[in-house]
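Input: a single structure, listed below in structure tokens.
The values are calculated or read from the model by the stated rules, or taken from the named source; none is laboratory data. Quantities reported herein were computed from a predicted structural model and do not represent experimental measurements. As a convention, Cβ positions derive from the backbone with ideal geometry for all residues, glycine included, and neighbour counts pool all protein chains shown. For accessibility, only protein heavy atoms count, side chains too; no ligands or nucleic acids. Shrake-Rupley method; radii C 1.70, N 1.55, O 1.52, S 1.80 Å.
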Amino acid sequence: MEKIYGNKQLLATIGNMISSDRAGHTVMFYGEYGLGKKHMAEYYTASLLCENPVDGAPCGVCRTCLNVARNNHPDVMYVPTSGKLGGYSAETARAVVSDASIKPNNSTGKKVYIFRDCRDISAVTQNILLKIIEEPPDYAYFIFTAESKTNFLPTIISRCLCFGMSVCSEEETVEALRSRNCSEAEIASAVKCFHGNVGQCLDYLRNDSLKKIVDLTKTLTDSIIRKDEYALNVTLFNLGKERSDVKNTLIQLDKLVRDCAVLARDKNSATIGCWYDGAVALSEMLTVHQASRLHSCIERAWNKIGANVSIPLALASMAGEIMNCL
């Protein structure tokens with residue numbers, strides 16, 4: 001099992017729950033992409049099923065831990081998604097409820113159901129799951145991972161132990177990347193962009209599309225700095241029509257706007273965006289109020305794209321709103 005970097009308090013909490021035999025039957029790990037939510041779900045699963053836990057932590061070497069790590073444990077179900085949006089259907093939820101009524105046939109006497117990347121989980125699906133989550137069998141455990149708790153109904157959230165994933169320190173991120181045989185030059189470039197988010201650092205080094213998103217974010221920021229509406233619109237057009245790429249670029253741009261706001265108040269503030277120099281330049285030309293207005297422009301565009309509004313129309317509207325803020 002891979003080492004988990006950072007999140008020491010969360011790991012200690014899980015260890016205490018397992019050691020005291022008070023493990024939560026329904027758990028949610030949430031946070032932005034790259035923080036290790038699925039890895040933590042696997043760790044929690046191994047903690048529940050491990051044959052020889054050490055202070056509540058999975059040993060990582062027993063047959064059960066190895067099967068969990070290989071994704072082939074017979075009583076661990078990675079609930080499948082379906083449809084274009086990769087959601088969880090009502091039919092799938094009913095199948096989980098039906099399967100959860102069957103007792104497991106293993107030494108631990110436990111079954112685990114893992115719902116990964118809950119971006120699109122309908123109210124109907126959640127309501128089908130609600131009954132089993134409210135009154136789970138003693139042997140059944142349900143784990144959800146999501147970028148935000150807002151993807152769930154309040155009734156589901158109230159019955160979950162919700163744990164927010166945190167970023168690592170940059171020193172921990174460097175250690176994590178070194179353990180994966182990344183070069184020092186690669187590590188420096190990745191950490192400069194994504195700081196304590198190990199997953200995004202790794203994705204940046206392995207995935208050309210994320211490098212393109214970073215480059216486009218820098219170009220968008222430069223267009224705003226120069227107050228060049230034409231260049232801003234051209235760059236937005238070049239984002240393409242893939243909604244996930246467009247939304248990821250807006251996320252990176254919004255982080256730079258956030259950095260601009262905090263740097264405007266304190267030049268020594270820690271930043272989270274992918275281009276420090278761009279954030280500094282923005283902070284020197286915008287007030288905190290203007291940065292807040294830029295954030296609102298980006299948020300409106302994000303919501304429109306999420307609601308299936310035409311991407312070119314949403315981005316063109318955002319460009320005009322941004323220029324009016326400058």
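Residues being outside any loop (DSSP other than H, G, I, E, B), under 15 Å from residue 140 (Cβ atoms) and either within 21 Å of the chain's Cα centre (by Cα) or at pLDDT 95 or above (or both) are entirely absent from the range 1-16. If the condition is being polar (S, T, N, Q) and open to solvent by 40 Å² or more (accessible area, probe 1.4 Å), then the range 149-192 contributes 150, 151, 155, 158, 166, 169, 179, 181, 183, 189.
Quick one: in the range 53-90, of everything that is of a type in the set (S, T, N, Q) and touching a Ser or Thr at 6+ places or on another chain (Cβ under 9 Å), which residue is farthest from residue 308 (Cα to Cα)? Only one residue tops the list, namely 64.
Scanning the range 268-277 for residues that are more than 21 Å from the chain's Cα centre (by Cα) and open to solvent by 50 Å² or more (accessible area, probe 1.4 Å) yields a count of 3.
The single residue among 246, 262 that is of a type outside the set (Gly, Ala, Ser), open to solvent by less than 80 Å² (accessible area, probe 1.4 Å), at negative phi and without any contact (Cβ under 8 Å) to a residue 24 or more places away in the chain turns out to be 262. For the range 23-63, filtered to residues that are under 15 Å from residue 10 (Cα atoms) and basic (Lys, Arg), the residue that is surrounded by the fewest Cβ atoms within 10 Å (Cβ to Cβ) is 38.
Within the range 64-88, the set of residues being in a loop (DSSP other than H, G, I, E, B), at pLDDT 90 or above and open to solvent by less than 60 Å² (accessible area, probe 1.4 Å) comprises 73, 75, 79. If you filter the range 278-326 down to residues that are hydrophobic (A, V, I, L, M, F, W, C) and assigned to a loop (DSSP other than H, G, I, E, B), you find that the one that is surrounded by the fewest Cβ atoms within 10 Å (Cβ to Cβ) is 307.
For the range 109-125, a tally of residues being under 17 Å from residue 39 (Cβ atoms) and of a type in the set (Val, Ile, Thr) returns 2. What residue, among those in the range 221-249 that are more than 14 Å from residue 209 (Cβ to Cβ) and polar (S, T, N, Q), is nearest to the chain's Cα centre (by Cα)? Here the residue is 221.
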